[in-house]
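Here's the structure we're looking at; comments come further down.
The values are calculated or read from the model by the stated rules, or taken from the named source; none is laboratory data. Only a predicted model underlies this, so the values are computations on that prediction, with no experimental measurement involved. As a convention, Cβ positions derive from the backbone with ideal geometry for all residues, glycine included, and neighbour counts pool all protein chains shown. For accessibility, only protein heavy atoms count, side chains too; no ligands or nucleic acids. Shrake-Rupley method; radii C 1.70, N 1.55, O 1.52, S 1.80 Å.
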Amino acid sequence: YHAKTLKQQRRFPEDFLFGTATAAYQIEGGWNADGKGENIWDYVTHNTPTVITDASNGDVAADSYNNYKRDVQMMRELGLDAYRFSISWARILPDGFSNNVNEAGVKFYNNYINEMIKYNIEPIVTLYHWDLPQKLQELGGFANPLFSDWFEDYARVAFDHFGDRVKLWITFNEPREICYEGYASDTKAPVLNSSAVGAYICAKNLILSHAKAYHAYNNDFKSNQGGECGITISVNWYGPLTDSKDDAMAAELRRQAEWGLYAEPIFSSEGDFPKELSRKIALKSAEQGYSRSRLPSLTDDEKDFVKGSFDFFGVNHYTSLLVSASEYKQEFIVPSMLDDVGAFTYVPEEWPKAASYWLRLAPNSIYNALSHLRNKYGNIKFIITENGWSSGPSGGLIDDDRVRYYRAALESVLDCLDDGINIKGYMAWSLLDNFEWNEGYLERFGLYEVDFEDPARPRTPRKSAFVYKQIIKSREIDHSYEPDPMTMAVD
Ligand code: PNW
């Protein structure tokens, strides 16, 4: 009877970093405050508001530009070890180039970082979370071959100003969303809708930019500052629908297109774009009358430069999908990434639904994704840099579905740790409600609710905030814990 009744409560290690994550455009507001330059999200939301479901924008958002002390107070209430946020490129370099540094922008991030450090909260900084200076977009953005130089220059400014206190740097948040949704679809800024040409050009320039920033840090900052530099890639789990060979291949191709395109050149020992996908794109391109593959190649020098350019792998993980080759009946735009892959994705009805159409609570989702990454790239250092659940705008404070999601996700993280996977931290998306891109303020991911009707943008903890706090404090998941009363304070 011992084995069953005395089952050891599983624990998170003391040095495991529990945090929350946000992004500049989604929370800061102050879109033109104190010399900040215009970025592509300012430009798109102001000029094509129909791209956003509720025609809203991030002009004010959660107004964290003016409420950063309250944000840090919330981090303290939760007992966070770490906080992941992004720097707005145009706030510190209004034109994108490093000749003109906006001191007020630098001061804002200094204040924010110092406030965290004061309370022992480790800042994790993303250099690029989708808000490119508009001036650089006008020069072609990620499609300009000089982009990697501009990004390196910006990264050096950030390392210079903040690297004495920031020890964990993430170059890019989610290359797939930047390149595929921004350049090859009509959803995210700059809304280029360049089918499967733009995304692949962007992919090449993005990984080169990442590597330039990584090497700049490694060569010129690391020995003094002692930090680490990585990249965050969105890795949802794509499993085969059946155990047929065809479904296995379809799932593999889809994984290569969703994240392998960005991960393989950096994390694999070969250091190139994924093989099967590259072959398929080359084949399709030829059939379609292109004189060269729509996926640009990497030279041997470029491969060497990019390969191994990481200290850790940041994983944003939300959900799972099942992939089928035989049930592929969908008509896709030709050419497009989805047509290049040519597979059908399926989501079981019984997986509970969030407010976001793409988000479901899938079984063993984190374990499936992370064990796959570990088997592919070795047991490198992983940090889960985002994971979270959305409710509707009137979801309220009693968010039992979000509580269920976080508990399931963190059980899956414990499964990974039990299996020896080297996960060093977990960042919940998000600390507070914010501008959810195309869905504006219609989808809420916050542990804290924000009242966007009130000019003061007051924040109120949801039930999930109390549950997360209890998990962080005890380093255990107590499924029967009920916060009562729901009154929040700094311990
Ligand atoms: C992330 N998917 O994007 C972003 O990094 C955040 O800025 C965003 O607010 C958050 O997730 C919630 O949407 C994702 O299709 C976009 O699985 C799409 C997916 C996952 C993450």
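For region 305-347, how many residues meet the condition of being within 19 Å of ASP246 (Cα to Cα), aliphatic (A, V, I, L, M), out of contact with any strand residue (DSSP E or B) (no Cβ under 7 Å at 6 or more places or on another chain) and more than 14 Å from the ligand (Cβ to nearest atom)?
Adding up the residues that qualify gives 2.
Report the residue count in region 421-456 for those that are among the small types (Gly, Ala, Ser) and either more than 12 Å from the ligand (Cβ to nearest atom) or open to solvent by 20 Å² or more (accessible area, probe 1.4 Å) (or both).
2
Rundown of residues vs (1) in contact with a Gly (Cβ under 8 Å, 6 or more places away or on another chain); (2) at pLDDT 95 or above, yes/no style:
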site	(1), (2)
LEU6	no, no
LEU17	yes, yes
ALA24	no, yes
GLY30	no, yes
GLY37	yes, yes
ILE40	yes, yes
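Give the residues of region 161-177 that are open to solvent by less than 10 Å² (accessible area, probe 1.4 Å) and either touching a Ser or Thr at 6+ places or on another chain (Cβ under 9 Å) or near the ligand (Cβ under 10 Å from one of its atoms) (or both), sorted by residue number.
TRP169, ILE170, THR171, PHE172, ASN173, PRO175
For region 369-394, give me the residue count where each residue is buried (at least 19 other Cβ atoms within 10 Å of the Cβ) and not aromatic (Phe, Trp, Tyr).
Number satisfying all stated conditions: 12.
Residue check: is ILE124 aliphatic (A, V, I, L, M) and open to solvent by less than 10 Å² (accessible area, probe 1.4 Å)?
So ILE124 fits the description; yes.
Taking ASP301 and the conditions (1) under 16 Å from LEU373 (Cα atoms); (2) open to solvent by 50 Å² or more (accessible area, probe 1.4 Å), which numbered condition does it fall short on, given that it satisfies the others?
Checking ASP301 against (1) under 16 Å from LEU373 (Cα atoms); (2) open to solvent by 50 Å² or more (accessible area, probe 1.4 Å), the one that fails is (1).
Does region 178-200 hold any residues that are in a helix (DSSP H, G or I) and surrounded by fewer than 23 Cβ atoms within 10 Å (Cβ to Cβ), and which are they?
GLU181, SER195, VAL197, GLY198
Considering only region 67-120, state which residues are part of a helix (DSSP H, G or I), of a type in the set (Lys, Arg) and open to solvent by less than 10 Å² (accessible area, probe 1.4 Å).
Once the filter is applied, which keeps residues that are part of a helix (DSSP H, G or I), of a type in the set (Lys, Arg) and open to solvent by less than 10 Å² (accessible area, probe 1.4 Å), region 67-120 yields only ARG91.
Can you tell me how many residues within region 125-164 are in contact (Cβ under 8 Å) with a residue 24 or more places away in the chain, of a type in the set (D, E, K, R) and within 16 Å of VAL44 (Cβ to Cβ)?
2
Output yes when any residue across region 296-307 is closer than 30 Å to ARG10 by Cβ and of a type outside the set (Asp, Glu), and no when none is.
No.
Looking at SER356 and the list (1) within 13 Å of the ligand (Cβ to nearest atom); (2) among the hydroxyl-bearing types (Ser, Thr, Tyr); (3) closer than 21 Å to ILE170 by Cα, which single condition is not satisfied?
The failed condition is (3).
Hey, does region 181-188 have a residue that's in contact (Cβ under 8 Å) with a residue 12 or more places away in the chain, closer than 15 Å to ILE231 by Cα and within 16 Å of the ligand (Cβ to nearest atom)?
Taking every residue of region 181-188 in turn, none turns out to be in contact (Cβ under 8 Å) with a residue 12 or more places away in the chain, closer than 15 Å to ILE231 by Cα and within 16 Å of the ligand (Cβ to nearest atom).
List the helices (runs of 4 or more DSSP H) that sit entirely inside region 326-429 and contain at least 3 residues that are within 25 Å of PHE12 (Cβ to Cβ) and among the acidic types (Asp, Glu).
Correct list: 400-418.
Report every pair of residues separated by at least 6 positions or lying on different chains whose Cβ atoms are under 6 Å apart, first residue within region 385-397 and farther than 18 Å from ALA409 by Cβ, second in a loop (DSSP other than H, G, I, E, B) and of a type outside the set (A, V, I, L, M, F, W, C).
Close Cβ pairs satisfying both conditions: LEU397/ARG462.
For GLU350, are the conditions met, namely being among the acidic types (Asp, Glu), open to solvent by less than 80 Å² (accessible area, probe 1.4 Å) and either away from the ligand (no atom under 14 Å from the Cβ) or at pLDDT 90 or above (or both)?
When the stated conditions are applied, GLU350 does not pass them.
When only residues in region 380-402 that are under 21 Å from the mean Cα position of the chain (by Cα) and away from the ligand (no atom under 16 Å from the Cβ) count, which is nearest to TYR448 (Cα to Cα)?
PHE382
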